[in-house]
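What follows is one structure encoded as structure tokens, with my remarks underneath.
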Amino acid sequence: MDRKKRSAGQTCALLGMLLALSLLLSYVETLIPFHFGIPGIKLGLANLVVLVTLYRLGPGDALLVSVARIFLAGFLFGNLASILYSLSGGLLSFLGMLLLKKTGKLGLLAVSVAGGIFHNLGQVLMAAWVVENMNFLYYMSVLFFAGLITGALIGIVAGEILKRLPKTDGRKP
């Protein structure tokens, strides 16, 4: 539903449900033993909600859900450091996805893959800055492929979700 057609109460309720869903997915992800002996690799399930929100509701709503989820998940399941790293990755990922989506030249899958890669890059840059050691950037070679794979998986699932959501505002995903 287009934001202009929603009341303030409907908008608040919708964004609250999306935030709750992204928090739930963040929690579920902490329960999934997804380790390949490489620290820092996650599926990014909460990004499903951000991606669907970006494509269905727009960038403002998607950014709000993303940032609120990062802070709440950090306070509930993490610590200040996890908020710092998640925020750096999440904001760079969001910015990259938004800019690539706005070009109109890339589809959802490519935008999601870029989001996964940018998320990892944001976290590696933050780690290099925090410990004042640029050698962390070498780790990006490993995380590039992880972002590619997880971004593709999230993009595929987000595409399937968008196909099944009612198109109440007339826009295509």
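The values are calculated or read from the model by the stated rules, or taken from the named source; none is laboratory data. If you're wondering where the values come from, they're calculated on a predicted model, not measured in any experiment. Cβ coordinates were reconstructed from backbone atoms using ideal geometry, including for glycine residues, and neighbour counts include every protein chain displayed.
Laid out as a table, the results:
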| read-out | value |
| --- | --- |
| Verdict on residue 157 being β-branched (Val, Ile, Thr), at pLDDT 95 or above and within 28 Å of residue 84 (Cβ to Cβ) | yes |
| Single residue of the range 66-107 satisfying the filter (of a type in the set (Gly, Ala, Ser), touching a helix residue (DSSP H, G or I) at 6+ places or on another chain (Cβ under 6 Å) and farther than 19 Å from residue 147 by Cα) that is surrounded by the fewest Cβ atoms within 10 Å (Cβ to Cβ) | 68 |
| Single residue of 53, 150 found to be more than 29 Å from residue 12 (Cα to Cα), under 16 Å from the mean Cα position of the chain (by Cα) and part of a helix (DSSP H, G or I) | 150 |
| Qualifying residue in the range 140-152 (condition: in contact (Cβ under 8 Å) with a residue 40 or more places away in the chain, surrounded by fewer than 16 Cβ atoms within 10 Å (Cβ to Cβ) and touching a helix residue (DSSP H, G or I) at 6+ places or on another chain (Cβ under 6 Å)) | yes |
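Matching residues to (1) basic (Lys, Arg); (2) touching a residue at least 12 places away in the same chain (Cβ under 8 Å); (3) farther than 22 Å from residue 32 by Cβ:
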position: 63; (1), (2), (3): no, yes, yes
position: 68; (1), (2), (3): no, yes, yes
position: 78; (1), (2), (3): no, no, no
position: 84; (1), (2), (3): no, yes, yes
position: 94; (1), (2), (3): no, yes, yes
position: 99; (1), (2), (3): no, no, yes
position: 121; (1), (2), (3): no, yes, yes
position: 126; (1), (2), (3): no, yes, yes
